[in-house]
1. Listed residues Ala316, Ala266, Ala320; which is in contact (Cβ under 8 Å) with a residue 12 or more places away in the chain, open to solvent by 60 Å² or more (accessible area, probe 1.4 Å) and either part of a helix (DSSP H, G or I) or touching a helix residue (DSSP H, G or I) at 6+ places or on another chain (Cβ under 7 Å) (or both)?
2. Got a sec? Which of Leu5, Leu46, Leu77 is assigned to a helix (DSSP H, G or I), over 15 Å from Tyr118 (Cβ atoms) and touching a residue at least 12 places away in the same chain (Cβ under 8 Å)?
3. Suppose we keep only residues that are loosely packed, with under 15 Cβ neighbours inside 10 Å, in contact with a strand residue (DSSP E or B) (Cβ under 9 Å, 6 or more places away or on another chain) and not charged (D, E, K, R) within segment 84-129. Which one would you say is nearest to Arg63 (Cα to Cα)?
4. Residue check, His246 against (1) open to solvent by 10 Å² or more (accessible area, probe 1.4 Å); (2) in contact with a helix residue (DSSP H, G or I) (Cβ under 8 Å, 6 or more places away or on another chain), all met but one. Which one?
5. Taking Val144 as meeting all but one of (1) in contact (Cβ under 8 Å) with a residue 40 or more places away in the chain; (2) open to solvent by 70 Å² or more (accessible area, probe 1.4 Å), write down the number of the exception.
6. What residue, among those in segment 1-40 that are at pLDDT below 85 and among the aliphatic types (A, V, I, L, M), is least open to solvent (accessible area, probe 1.4 Å)?
7. What are the residue pairs meeting all of these: first residue in segment 202-228, first residue without any contact (Cβ under 8 Å) to a residue 40 or more places away in the chain, second residue surrounded by fewer than 23 Cβ atoms within 10 Å (Cβ to Cβ), Cβ atoms under 6 Å, and 6 or more apart or on different chains?
8. Read through the list (1) loosely packed, with under 14 Cβ neighbours inside 10 Å; (2) free of Cβ contacts under 8 Å to residues at least 12 places away in the same chain, then give the number of the only condition that Thr169 fails.
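The values are calculated or read from the model by the stated rules, or taken from the named source; none is laboratory data. Note that the structure is predicted; figures quoted are calculated from it, not measured. Using ideal geometry, Cβ is built from the backbone for each residue, glycine included, and neighbour counts are taken over all protein chains shown. For the accessible areas, the whole protein counts, side chains as well, though only heavy atoms, and no ligand, DNA or RNA atoms are used. Shrake-Rupley method; radii C 1.70, N 1.55, O 1.52, S 1.80 Å.
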Amino acid sequence: KLTGLSPAAAAMAYPFLREAFHVAVSPSAGALSAVRIAGAAILLVLAFAMPLSGLVFACRLTRATQPSEWDMRARRLAYASIAAPPLFVFLGVAPGLVGLSISDVAVWIALWAAAGLYVWSGRDVTAPEHPARSIAPWRVAHGVSAALIACFVLFHLANHLSGLEGPNTHAAIMKAGRTVYRAPLIEPVLVILLLFQITSGVRLAWRWSSQRADTYRIFQIGSGAYLAAFLLAHMNSALISARAVHKIDSNWAWAAGLPTGLIHDAWNIRLLPHYALGAFFVLGHLASGLRAVLIAHGVNSAVANRIWAAGLGAGALISAAIIGGLCGVRL
């Protein structure tokens with residue numbers, strides 16, 4: 001059973017890996033030596049590896065043909081651990097909006113400890129079978145909603161890529177885009193679609209996580225779990241915290257955590273993996289959906305798999321470019 005608790009342990013370690021990286025590159029620690037740079041690089045890799053390890057745990061825990069109650073809980077914990085970066089961002093913002101002053105790290109550890117205990121208490125008996133209800137309508141609705149949202153998401157990513165040219169270019173493109181997606185008749189519809197995407201995605205992930213799945217489906221479920229948490233955290237930060245409560249324009253300075261930046265600020269450092277994996281998983285999730293559609297329409301599986309792999313590769317490159325721009329890289 002210790003294997004099933006590994007995702008919870010990895011999630012608990014996530015804030016400390018992120019903080020250790022911040023300390024390693026902090027100017028207050030003195031000049032950067034080769035040893036410090038190497039140590040910081042290792043810590044950053046480990047901070048990114050923690051949520052990605054949830055995919056590995058999910059693969060290992062999805063082998064059972066007749067899953068027990070413990071199996072079901074353990075694999076769902078693994079999927080939840082993938083979403084650790086946006087969940088930690090949400091935890092860092094939400095309490096302050098309701099006037100609570102609490103240690104987000106202490107609450108974080110308590111929540112994952114409770115999740116681990118929930119998994120541990122699962123019985124080693126075959127999970128009861130419930131009458132299967134068709135989720136085809138949910139799949140179709142989720143796909144249609146995703147196609148509409150993709151127009152906004154792809155523009156949003158392109159807008160962030162323009163940050164490599166500088167904040168002025170980003171601001172000009174964002175200003176033009178806001179005339180459309182912040183229009184009185186469009187923004188409420190977009191928010192409703194995003195909320196529906198979260199709800200329907202969680203429902204589909206819950207159903208599919210109870211079944212045997214190949215690597216492609218496991219990635220689709222895991223990336224969907226991350227995006228559900230990411231959308232929730234991002235909407236809470238941008239629409240509620242920034243715009244409604246603190247009256248802050250969610251522009252380039254807000255996204256990049258200026259003037260201190262993402263890396264050298266003790267709070268902003270949590271946004272680094274949050275943003276990077278968000279860009280990667282949204283493109284990877286779209287690639288997973290495209291693969292399923294291609295195969296359903298008779299495209300050879302090998303071709304569809306290569307397109308999926310290319311989508312993941314493009315997602316990784318675009319994610320790295322966006323983070324580079326947010327951290328000060330300019331073309």
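1. Working: Ala316 fails: open to solvent by 60 Å² or more (accessible area, probe 1.4 Å); Ala266 fails: open to solvent by 60 Å² or more (accessible area, probe 1.4 Å).
Matching residue, one of Ala316, Ala266, Ala320: Ala320.
2. Working: Leu5 fails: over 15 Å from Tyr118 (Cβ atoms); Leu77 fails: over 15 Å from Tyr118 (Cβ atoms).
Residue meeting the stated conditions: Leu46.
3. Restricting to residues being loosely packed, with under 15 Cβ neighbours inside 10 Å, in contact with a strand residue (DSSP E or B) (Cβ under 9 Å, 6 or more places away or on another chain) and not charged (D, E, K, R), the top hit is Thr126.
4. (2)
5. Of (1) in contact (Cβ under 8 Å) with a residue 40 or more places away in the chain; (2) open to solvent by 70 Å² or more (accessible area, probe 1.4 Å), only one is false for Val144: (1).
6. Taking the candidates together, the pick is Ala29.
7. Val202/Ala228
8. Going through (1) loosely packed, with under 14 Cβ neighbours inside 10 Å; (2) free of Cβ contacts under 8 Å to residues at least 12 places away in the same chain one by one, Thr169 breaks only (1).
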